[in-house]
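The block underneath contains the structure these notes are about, expressed in structure tokens.
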Amino acid sequence: MLEFDDIQHFVLTRVPAVTGRYEFLSFQEPSQGRGWLAGIIDKVESAQAAAAGIEEGKRWVSVALTWTGLRALGLDGGSLASFPEDFRQGMPARWQVLGDTGANHPDRWISGFAGPDLHAIVILFARNVAERQRSTEEHQAYRARTPGVTLLSSLDVDAIPPFDQARDHFGYRDRLTQPPIEGTGVEPTPGSGPLIKAGEFILGYADEDGPPAGLPQPEILSRNGTYMAYRRLQEHVGAFREFLRKHGETPEEQEWVAAKLMGRWRSGAPLALAPDKDDPALAADPQRNNNFTYAKTDPHGYATPLGAHIRRMNPRDTAVNIQRRRMIRRGATYGPPLREGSAEDGVDRGVAAFVLCASLVRQYEFAQNVWINDPNFHELGNERDPIIGTQDGTFDMTIPKRPVRRKITGLPAFTTVRSGAYFFLPGIKALRYLATLSESAR
Amino acid sequence: MAIPKEGYFQLEQGRYGPIYPRTPANYGFTIIAKIKPGRETAVREYGATIEQAVAGQPEVLAPLRLHYLRWVIFDVGSGPHFMYQGIFDTDFDKYLEDAVALFVKTGITTVFVNLEGWPDDWKTNLPAVIKFFRDNQRPSFLEYGEYPYVTADEVKKALRVKSALSAMLDQMQ
């Protein structure tokens, strides 16, 4: 039922890559942009092709466009207007909705992202550094042959060793939760919740509310596509480690504080199942490490604090309409790891992530606005997400504890938004449609 | 609290429109719309429909985090109008989709089909439904609360504590 041969692999497949590169492009003339796109489509693998070749595959390429990018390719006014308001405005204009204030405001972002010149992203994931290098040179040569395509900026991404598990710079294990999507044939891990209709993540299919409606026009452009929120978060590892040392007298206490902020121990073991002590065996077992809920077993947050990151990002059975609020996450870390014991060196490191969903306003923006940055989430009063919320030193973190709760005040910012954008990730046929738009259509 | 004409002190952009501030009467909205000709009785009958829905499932309106709901039909010379006034603990902009989903589930949405301006494709066109609520929302210019900024959950909790304490004191006699 799902057209795996038309959906870009990026939506459905985690590839065995430890390295990659994102390139952000601008097109001068529509025909030039289309010329570049036409030559790169064959490199963009569908979910079916990527799955079939996953053992031998060395590199994987994805392409997505901003709204100004669709316009720059020559898409006609009627089609452009049929895209939703959130995508048309772009992430920088939605700063107030997302809570991107202070140091996170688009005025402070890396240059080139907050303006209309950002048209496309090409995402490369590679099995190893040699392949990334080869592909980078190949694309550079290709751009040299296709005039009118400017490289606005780029970012090399690298997994943090050891590569047995995905980790971020703070040391947290990542990628433990995935929304279970109906029709993909992927067996969800216990605790993933009921299967979610594909239309929540891919345009053209029924979603939790019913048959697809109000999709961008024409159908060939929107079918099998999805929206993608790109977010580059710098991670202030020195500040994070200093915070743990300040609030934990022993290494065990520091790990406990780290766990309470996230909702999982850094090993990945969930507090919901291991509230007092870390349990690496639990963390390593996908049949157990995601199998928990909150409403009956932990309504007050004694195990997983109400404001902890994973409880905010996925309130599970304590949120209404949760089936309409799930998102697919992709992405990677960038920058060299800061060795344990080393002082903060000021080197830029962090995560450059993508959130994929069929409706930015209903899924991604809702999570940012209502769960991450609302100080009154769960009636906490003065708390934002401790890891990715906009922290300015005035917010708290309550850790329910018997006999008396622990409240940390004046949380520093562990992350800063350095750039972001809203992209549309088209299906393969849609990419061909865009590459062959005629001038007279405008 | 006296509130400017727009309904807010400073424009703060929400996902679907301006954010209305929390007042001593928490959050609320007042939807006023003209009833389609001949539909007044149909609107009135919804009083019983909602009563039955709540009787059948007391928690059904919980996602709206309501303190009070008042539905009124009035005619001040230009035909019958429907006023839906709600006072609740959640920011209108944040929970619009959840409210609409709830309305559809309980049949409340169908009271709105009797109002002028309600979109015909309401079942598939959420943005149009949201626009209807936003367009017909009349912000208040004065709000007062005798127990200001207190949520319904806090009130219920306090009452439970009071009731438990009373029971305990009685048992100590």
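The values are calculated or read from the model by the stated rules, or taken from the named source; none is laboratory data. These figures come from a predicted structure and were not determined experimentally. All Cβ positions, glycine included, derive from the backbone under ideal geometry; neighbour counts span all protein chains shown.
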Go through region A:250-266 and give me each residue that's in contact with an Asp or Glu (Cβ under 9 Å, 6 or more places away or on another chain), crowded, with 22+ Cβ neighbours inside 10 Å and part of a loop (DSSP other than H, G, I, E, B). A:TRP265
Among the numbered conditions (1) modelled with pLDDT of 95 or more; (2) closer than 28 Å to A:GLU182 by Cα; (3) not small (Gly, Ala, Ser), tell me where A:PRO16 comes up short. (1)
All but one of (1) more than 19 Å from the chain's Cα centre (by Cα); (2) buried (at least 19 other Cβ atoms within 10 Å of the Cβ); (3) closer than 23 Å to A:MET397 by Cα hold for A:HIS247; which doesn't? (2)
Among the residues that make up region B:137-148, is at least one of them among the aliphatic types (A, V, I, L, M) and part of a helix (DSSP H, G or I)? no
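Quick one: which helices (runs of 4 or more DSSP H) sit completely within region A:77-117 and have at least 3 residues that are more than 11 Å from chain B (Cβ to nearest Cβ) and at pLDDT 95 or above?
Result: A:77-81.
Yes/no matrix, rows are residues, columns are (1) in contact (Cβ under 8 Å) with a residue 12 or more places away in the chain; (2) crowded, with 20+ Cβ neighbours inside 10 Å; (3) in contact with a helix residue (DSSP H, G or I) (Cβ under 7 Å, 6 or more places away or on another chain):
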residue: A:ARG325; (1), (2), (3): yes, yes, yes
residue: A:GLY331; (1), (2), (3): yes, yes, no
residue: A:ALA343; (1), (2), (3): yes, no, yes
residue: A:VAL347; (1), (2), (3): yes, no, no
residue: A:VAL351; (1), (2), (3): yes, yes, no
residue: A:LEU360; (1), (2), (3): yes, yes, yes
Note: among A:ALA213, A:ALA239, just one is within 14 Å of chain B (Cβ to nearest Cβ) and surrounded by fewer than 23 Cβ atoms within 10 Å (Cβ to Cβ), namely A:ALA213
From B:LYS157, B:LYS131, B:LYS123, B:LYS105, residue being surrounded by 15 or more Cβ atoms within 10 Å (Cβ to Cβ), under 30 Å from A:GLN323 (Cα atoms) and among the basic types (Lys, Arg): B:LYS131
Has region B:71-85 got any residue that is of a type in the set (Val, Ile, Thr), touching a residue at least 40 places away in the same chain (Cβ under 8 Å), more than 14 Å from chain A (Cβ to nearest Cβ) and touching a helix residue (DSSP H, G or I) at 6+ places or on another chain (Cβ under 8 Å)? no
Can you name the condition, by its number, that B:ASP121 falls short on among (1) within 11 Å of another protein chain (Cβ to nearest Cβ); (2) part of a helix (DSSP H, G or I); (3) not polar (S, T, N, Q)? (2)
Quick check: anything in region A:427-434 out of contact with any Lys or Arg (no Cβ under 7 Å at 6 or more places or on another chain), surrounded by 21 or more Cβ atoms within 10 Å (Cβ to Cβ) and of a type outside the set (A, V, I, L, M, F, W, C)? no
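Please tell me if A:ALA295 is farther than 30 Å from A:PHE24 by Cα and surrounded by fewer than 18 Cβ atoms within 10 Å (Cβ to Cβ). Full working, then the answer.
Working: farther than 30 Å from A:PHE24 by Cα: yes; surrounded by fewer than 18 Cβ atoms within 10 Å (Cβ to Cβ): yes.
Spelling it out, A:ALA295 is indeed farther than 30 Å from A:PHE24 by Cα and surrounded by fewer than 18 Cβ atoms within 10 Å (Cβ to Cβ).
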Evaluate the following for A:GLY381: is it outside any strand (DSSP E or B), surrounded by fewer than 18 Cβ atoms within 10 Å (Cβ to Cβ) and within 14 Å of chain B (Cβ to nearest Cβ)? yes
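Pick from region B:11-56 the residues that are within 14 Å of another protein chain (Cβ to nearest Cβ) and over 19 Å from B:ASP135 (Cα atoms): which of them is surrounded by the fewest Cβ atoms within 10 Å (Cβ to Cβ)?
Just the residues of region B:11-56 that are within 14 Å of another protein chain (Cβ to nearest Cβ), to begin with: B:11-19, B:21-22, B:26-27.
Narrowing further to those that are over 19 Å from B:ASP135 (Cα atoms): B:22, B:26.
Values: B:ARG22: 17, B:ASN26: 20.
Of everything passing the filter in region B:11-56, B:ARG22 is surrounded by the fewest Cβ atoms within 10 Å (Cβ to Cβ).
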Only one of A:ALA51, A:ALA38, A:ALA81, A:ALA114 is under 21 Å from A:ALA352 (Cβ atoms) and either out of contact with any strand residue (DSSP E or B) (no Cβ under 9 Å at 6 or more places or on another chain) or surrounded by 21 or more Cβ atoms within 10 Å (Cβ to Cβ) (or both); which? A:ALA114
Scope region A:87-111; condition of a type in the set (Lys, Arg) and either over 11 Å from A:TYR422 (Cβ atoms) or surrounded by fewer than 21 Cβ atoms within 10 Å (Cβ to Cβ) (or both); matching residues: A:ARG88, A:ARG108
Considering residues that are hydroxyl-bearing (Ser, Thr, Tyr), in a strand (DSSP E or B) and closer than 24 Å to B:LEU126 by Cβ, the number found within region B:1-31 is 2
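Any residue at all in region A:127-134 that's assigned to a helix (DSSP H, G or I) and buried (at least 16 other Cβ atoms within 10 Å of the Cβ)? Outline the logic, then answer.
Looking only at region A:127-134, we keep the residues that are assigned to a helix (DSSP H, G or I), and these are A:129-134.
Those still in the list that are buried (at least 16 other Cβ atoms within 10 Å of the Cβ) too: A:131-132.
Checked region A:127-134: at least one residue is assigned to a helix (DSSP H, G or I) and buried (at least 16 other Cβ atoms within 10 Å of the Cβ).
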